[in-house]
Amino acid sequence: MKAIKAIFAAALTLALVVSMAACTSRNEDNLQSSSVANSSSAASVAPSTPSAPSTPHSAASHGLASDLGDVASDIRSGVASMVTPTMSTDFDKIGALGGSQIKWGPGVQVDEANRTIAPIGLQEQYGEYSAWFIAPDDCGKFYLTFDEGYENGYTAEILDVLKEKNCSAVFFVTLPYVQSCPELVQRMIDEGHVVGNHTSHHWNPTSKSIDDAAEDIRELHNYVLENFGYEMTLYRPPEGAFSEQTLAMAQSLGYTTCLWSFAYKDYDPNDQRGHDAALAYTEKFIHEGAIYLLHAVSSDNASILGELIDAVRAKGLEVSKWDLPYCPPKS
């Protein structure tokens with residue numbers, strides 16, 4: 001009996017090792033999973049199955065089957081404990097980084113090239129975490145980004161203008177927005193724009209644990225992937241709040257954090273500047289390497305967008321589709 005159990009155990013072990021090797025090979029061919037895995041749980045090697053109805057057997061035969069089942073279960077458990085998710089986040093390492101909140105707002109002080117000064121310093125300090133506040137000063141480009149917390153009736157108009165001007169933007173969406181406006185999200189994708197992750201619940205990430213902040217990103221990532229077949233790679237933290245920890249967390253999930261080099265108070269639909277004032281203010285800060293944050297709930301932004309794009313191009317800058325690179329974590 002013991003010899004038979006040993007033979008079956010060895011056979012099962014060999015089969016599982018071969019299976020694991022095949023999975024490892026596939027994972028190495030595709031390092032970034034299309035679904036962001038939960039780092040705190042290991043993948044199960046085989047699902048549990050209900051026991052089959054008992055049939056008349058000898059006591060010895062029944063005992064052998066039971067023993068072999070125990071062996072297989074032990075092997076599965078042991079192997080499962082060794083399996084790690086495709087995208088593993090080292091939260092212990094990240095937890096050792098600085099957790100103090102930095103809340104980024106609009107840049108207003110500029111240098112001789114009209115580039116906002118504060119983002120330049122932040123870029124130097126946090127760029128290693130694949131975070132972008134401002135693009136290089138010799139890139140010749142200008143990036144438009146819109147935050148979409150909810151729909152206020154202007155996104156279709158904004159998309160119309162972008163299509164007319166033949167340029168691309170990034171739209172940072174939340175889970176409620178995606179669920180309530182799937183046709184607009186699909187249009188963004190179909191017309192070549194970038195859809196970014198503004199999280200499921202719009203929580204300030206520095207007010208949550210690293211696990212919870214990561215799950216807030218994962219939930220939206222996987223929803224968009226499953227429902228639109230689209231994989232997001234850009235993340236904008238709600239409230240512009242971040243810490244060294246949250247930047248490293250997003251980076252470990254394969255995300256680039258996109259902040260901005262210019263923003264203004266455009267997010268209150270009941271407190272708009274009016275067309276002329278909004279256009280004058282947004283034109284004033286045009287600079288090379290700009291990352292503009294605008295809110296799609298703003299009637300001003302919808303009305304000035306075409307003229308703003310014209311003004312950017314008049315300064316010799318390209319209104320570019322997002323092409324700033326992802327920086328992987330340091331080993």
Options Glu231, Glu215, Glu239, Glu226; residue that is acidic (Asp, Glu) and under 15 Å from Ile102 (Cβ atoms):
Glu239
So which pairs qualify, if the first residue must be in region 310-329 and within 9 Å of Tyr143 (Cα to Cα), the second must be part of a helix (DSSP H, G or I), the Cβ gap must be under 8 Å, and the two must be at least 6 apart or on different chains?
Val319/Lys165; Val319/Ile309; Val319/Val312; Val319/Arg313
Whichever residue in region 103-121 is more than 10 Å from His287 (Cβ to Cβ) and out of contact with any strand residue (DSSP E or B) (no Cβ under 9 Å at 6 or more places or on another chain) and, among such residues, is modelled with the lowest pLDDT:
Gly105
Within region 156-168, count every residue that is touching a residue at least 40 places away in the same chain (Cβ under 8 Å) and either out of contact with any Gly (no Cβ under 7 Å at 6 or more places or on another chain) or in a helix (DSSP H, G or I) (or both).
7
Cross-chain or 6+ apart pairs with Cβ under 7 Å, region 277-292 first and under 15 Å from Gly316 (Cα atoms), then in a strand (DSSP E or B) and of a type in the set (D, E, K, R)
Gly289/Lys141
Over region 217-251, the set of residues more than 10 Å from the chain's Cα centre (by Cα), among the small types (Gly, Ala, Ser) and either in a helix (DSSP H, G or I) or not assigned by TED's automatic domain parsing to the domain that holds His198 (or both) is Gly240, Ala248
Could you list, in sequence order, all residues of region 175-192 that are of a type outside the set (A, V, I, L, M) and either without any contact (Cβ under 8 Å) to a residue 60 or more places away in the chain or touching a strand residue (DSSP E or B) at 6+ places or on another chain (Cβ under 6 Å) (or both)?
Pro176, Tyr177, Gln179, Ser180, Cys181, Pro182, Glu183, Gln186, Arg187, Asp190, Glu191
Provide a single number: the residues in region 169-190 that are in a helix (DSSP H, G or I) and aliphatic (A, V, I, L, M).
6
Residues satisfying the stated conditions in region 250-287, i.e. among the aliphatic types (A, V, I, L, M) and surrounded by 16 or more Cβ atoms within 10 Å (Cβ to Cβ)
Ala250, Leu253, Leu259, Ala263, Ala278, Leu279, Ile286
Mind listing just one residue for me: the one in region 288-310 that is of a type in the set (D, E, K, R) and more than 19 Å from Phe172 (Cα to Cα) and, of those, surrounded by the fewest Cβ atoms within 10 Å (Cβ to Cβ)?
Asp310
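Among the candidates Glu164, Glu124, single out the residue that is over 18 Å from Lys321 (Cα atoms), among the charged types (D, E, K, R), surrounded by fewer than 18 Cβ atoms within 10 Å (Cβ to Cβ) and modelled with pLDDT of 95 or more. Outline the logic, then answer.
Details: Glu164 fails: over 18 Å from Lys321 (Cα atoms).
Selected residue: Glu124, the only one of Glu164, Glu124 that is over 18 Å from Lys321 (Cα atoms), among the charged types (D, E, K, R), surrounded by fewer than 18 Cβ atoms within 10 Å (Cβ to Cβ) and modelled with pLDDT of 95 or more.
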Conditions: (1) assigned to a loop (DSSP other than H, G, I, E, B); (2) over 18 Å from Leu259 (Cβ atoms). Thr199 meets all but one. Number of the miss?
(2)
Criterion (of a type outside the set (S, T, N, Q), outside any helix (DSSP H, G or I) and over 30 Å from Asp212 (Cα atoms)) met by exactly one of Ile304, Ile286, Ile291, Ile309:
Ile286
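The values are calculated or read from the model by the stated rules, or taken from the named source; none is laboratory data. Here the structure is a predicted model, which is why all the values come from computation and not from measurement. Note: ideal-geometry Cβ built from the backbone for every residue, glycine included; neighbour counts use all protein chains shown.
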